[in-house]
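These notes are about the structure you will find just below.
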Amino acid sequence: MSNNPTIVAREISKTYSLTGSGSELGILPSTKRTHVNALLPSSFVTYQGESVGLIGKNGSGKSTLMRLIAGNESPTSGEVLTSTSPTLLGVAAALQSALSGRENIRLGLLAAGMTPKEVRETEQSVIDWAELNSSIDRPLRTYSSGMSARLKFAISTAIPAEILLVDEALSTGDATFKAKAHERMNSFLKTSGTVVLVSHGVSTIRENCERTIWLHEGEIVADGDTMEVTKAYVRWTNRAVNDKPREAEEILAEARASYTKPDIVLQSELSKREMLAH
């Protein structure tokens, strides 16, 4: 891991406004309006060659944070700076069910910025990685969830990315797929890339990430060594699901007490501070 930052998230938050037209979802009467804090002000920095896991219960803000990093949504407050445009790979990655696997590959690679010539040169390697040679011209709707997962991952990672965001995209694959995905993510890290991985599976996080961030109800409660953070998270989960709220809250309190939010100062701001000091 180098000292070169790839993602700088500084005091970023996200609040959704729910109104009668369905919210940004439209589920409440028109006379009511409420606000949902999906992500509380959060700060962290990732570096070249670093693999970072995101864990937390459903609704803790993991996918919201990934969309903010990817630039798919704008934060309500704060800012996200990235060294290059991130590649976001999620379970809902857009594939066209009526089209064949081959047609989806071509469209996906063109959308990623490849030229038609580059698409032709890359197409077969994507098919080979996804292990879909005998099925590649069938409509996507006939694929199993595992076949679709392999195809999504192969398309999204065909162009080497400096920042790869993986949101539960390993959850539907079999052991072979997960091993191949692990190998490909490691290849990014060896070329000074950064991988941020969201997963409900603690074992997946431990296998792929050296650092882990624990989100709870939109708040970062821990950020550090993967084994240490995941052990605390597993302990909290066991207490929470076994109806031991007091013990679960104690574990959360311990995590919060051990966590220090980073004070991020950009080089340009540091220069201004130095000038003012003189």
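The values are calculated or read from the model by the stated rules, or taken from the named source; none is laboratory data. Keep in mind the model is a prediction, meaning the values are calculated, not measured. Here Cβ is always computed from backbone atoms with ideal geometry, including for glycine, and neighbour counts include all displayed protein chains.
Miscellaneous remarks
- Within region 35-69, the set of residues being within 21 Å of Pro262 (Cβ to Cβ) and part of a helix (DSSP H, G or I) comprises Lys62, Thr64, Leu65, Met66, Leu68, Ile69.
- Qualifying residue in region 171-185 (condition: assigned to a helix (DSSP H, G or I), at pLDDT 85 or above and either within 18 Å of Ser60 (Cα to Cα) or among the polar types (S, T, N, Q) (or both)): no
- Being over 26 Å from Arg10 (Cβ atoms), of a type in the set (S, T, N, Q) and modelled with pLDDT under 80 is not true of Thr204.
- Those residues of region 106-144 which are at pLDDT 90 or above, assigned to a loop (DSSP other than H, G, I, E, B) and of a type in the set (A, V, I, L, M, F, W, C), in sequence order: Leu132, Ile136
- Here the condition is being surrounded by fewer than 18 Cβ atoms within 10 Å (Cβ to Cβ), modelled with pLDDT of 90 or more, of a type outside the set (A, V, I, L, M) and assigned to a helix (DSSP H, G or I); of Glu79, Glu11, Glu103, Glu73, it holds for Glu103 alone.
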